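Asker: Following this message is one structure expressed as structure tokens.
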Amino acid sequence: METYTSVNFGIGIDHGKILCAKVGISGANNRDLVWIGNAVNKSVKIGDKLHGNIGISSLVYSNLEDDVKYSTKKDFYGNDEKVNMWAHSYHDYNGEQEPYYSTTYHWTIS
């Protein structure tokens, strides 16, 4: 059970058109759903770079509203300071460097 005590995978998120197909031989437990498209491929590549964190494509980041992009913390003088919760990095996709953003920020639900 020790292998199940920690989260050792990342979650990648992208936006775009995808296709879902049911494939396999008809019958009980022989058919699976297969998802294909650039958004699926990019999200897998981003997720593979992370361990226990969330990563999003630059397209998703550019469409985020400020309340999920920035957090507020107090500076040395007690003033509110806006802090970007997302770190910028790059991953390989089709032989090119593509930007993505990752976070370790944890939101609290009240």
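Quick note: the coordinates plus some simple rules give every number you see, no bench work behind them. In this text the structure is predicted, and so the values were computed from the model without any measurement. FYI the Cβ positions are ideal-geometry reconstructions off the backbone, even for glycines, and counts take in every protein chain you see.
Asker: If you only keep lysine pairs separated by 8 or more in sequence, or across chains, how many in the stretch 2-103 come under 22 Å at the Cα atoms?
Answerer: Step by step, the pairs that qualify in the stretch 2-103 add up to 9.
Asker: For Leu50, what residues show an amide H to amide H distance below 5 Å, using hydrogens built from the backbone and excluding near sequence neighbours?
Answerer: Gly10
Asker: For Ile13, list long-range residues whose amide hydrogen, built 1.01 Å from N in the peptide plane, is under 5 Å from its own amide hydrogen.
Answerer: Here Gly55, Ile56, Ser57 satisfy the definition.
Asker: Can you put His15, His51, His106 in order, fewest other beta carbons within 10 Å first? Write out the running numbers ahead of the final one.
Answerer: Values: His15 15, His51 11, His106 6.
Going from least to most buried by this count: His106, His51, His15.
Asker: Using Rg/Rh (Cα atoms, Kirkwood Rh) as the read-out, say which of (1) 1.17; (2) 0.99; (3) 1.10 was calculated from these coordinates.
Answerer: Computed from the coordinates, Rg/Rh (Cα atoms, Kirkwood Rh) corresponds to (3).
Asker: In debye, nearest 20, what is the charge dipole magnitude of the chain about its Cα centre with +1 on Lys and Arg Cβ and -1 on Asp and Glu Cβ, if you could check? Don't jump to the answer; show the numbers that get you there.
Answerer: Working: 10 positive and 13 negative charges, 69 e Å.
So the dipole magnitude of the chain works out to roughly 340 debye.
Asker: May I pose another question? For the charge dipole of the chain, defined by +1 on Lys and Arg C-beta atoms and -1 on Asp and Glu C-beta atoms about the Cα centroid, which residue among Asn8, Tyr70, Trp86 has the Cα displaced farthest towards the positive pole?
Answerer: Asn8
Asker: With a 10 Å cut-off between alpha carbons and a GNM built on the chain, which of Ile25, Ile13, Ile56 moves the most?
Answerer: The residue with the greatest mean-square fluctuation here is Ile25.
Asker: Between helix 38-48 and the chain, what is the angle of the helix's C-alpha long axis to the longest principal axis, kept within 0 to 90° and rounded to the nearest 10?
Answerer: 60 degrees
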